[in-house]
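First the structure, in the form of structure tokens, and then the observations on it.
Each value in this text was obtained by applying a stated rule to the coordinates, not by laboratory testing. It should be emphasised that the depicted structure is a prediction, and the values quoted were computed from it without experimental measurement. Heads up, the Cβs are rebuilt from the backbone with ideal geometry, glycines too, and the neighbour counts pull from every protein chain shown.
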Amino acid sequence: MASRKILRYGARAIWDRKTGGRIRLPGLPDLRFDTPARFGGLGRYACADQLFLSSLAACLTATFLHFQKKLRFTPVGVEANVKARLELVEGHGYRFSGIKALLLVRSRKGDLTVARRCADLAVAYCHLTQTVGEVVPMSIKSRVRVR
């Protein structure tokens with residue numbers, strides 16, 4: 001039987017007595033969040049939807065960097081762009097109805113093959129996008145460009 005590696009994470013949201021709050025993460029600085037102004041909030045910080053999409057972008061990037069290190073190459077640049085569509089579903093509130101992600105890698109001409117391999121691995125192994133993609137229609141693409 002294969003052994004399973006289990007990781008555990010936690011976060012705690014604490015209301016700021018206005019329209020948002022702080023996210024407490026053990027051993028890390030707090031993150032702030034707020035409700036968008038169009039929903040009655042002050043809009044001072046990122047809303048939960050933006051933080052969620054940020055997590056997907058960060059996971060794609062971090063997964064790429066994991067494989068980049070394993071395959072021993074240095075990219076010129078890496079960025080992940082994530083966009084979502086939310087729809088108001090009668091009787092259920094807002095729901096994500098589609099998410100699009102693009103992992104953009106810039107590399108030197110001689111590193112194109114390994115850069116493409118790392119990008120493909122990141123798309124295949126990013127656990128957040130893979131999990132969310134089972135519930136929400138998601139398109140994830142990668143693009144490698146020469147600097």
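Some observations on this one:
- Summed side-chain charge close to ALA84 - residues other than ALA84 whose Cβ falls under 11 Å, Lys, Arg +1, Asp, Glu -1: +2
- Ascending count of other beta-carbon atoms within 10 Å, so fewest first, for ILE14, ILE140, ILE23, ILE6: ILE6, ILE14, ILE23, ILE140
- Spherically averaged projected area in nm², based on the convex hull that wraps the Cα atoms of segment 1-46: 5.0
- Reachable aspartates and glutamates, given that their alpha-carbon falls under 20 Å from the alpha-carbon of LYS83 and they are not under 8 places away in the same chain: ASP34, ASP49, ASP120, GLU134
- Order of HIS92, HIS66 under a 10 Å beta carbon neighbour criterion, fewest first: HIS92, HIS66
- For the chain, a Gaussian network of Cα nodes joined below 10 Å ranks ASP111, ASP16, ASP49 by mean-square fluctuation, and the top entry is ASP16.
- Just so you know, the Rg over Rh for segment 1-144 is 1.03, from Cα atoms, with Rh as the Kirkwood radius.
- In a reduced charge model with +1 at each Lys and Arg Cβ and -1 at each Asp and Glu Cβ, the chain shows a dipole moment near 640 debye about its Cα centre.
- Degrees between helix 112-125 axis and first principal axis of the chain (Cα, 0 to 90, nearest 10): 40
- DSSP-defined antiparallel bridges as percent of all bridges, the chain, nearest 5: 70
- Among the GluC sites (Glu not before Pro) within segment 58-90, those in coil by DSSP and having at most 11 neighbouring Cβ atoms inside 10 Å are GLU90.
- Cα centroid separation, segment 108-147 to segment 1-41 (Å): 26
- Every helix of 4 or more DSSP H residues in the chain counts as -39500 (n - 2.57), and over all residues that averages to -9500 deg cm²/dmol at 222 nm.
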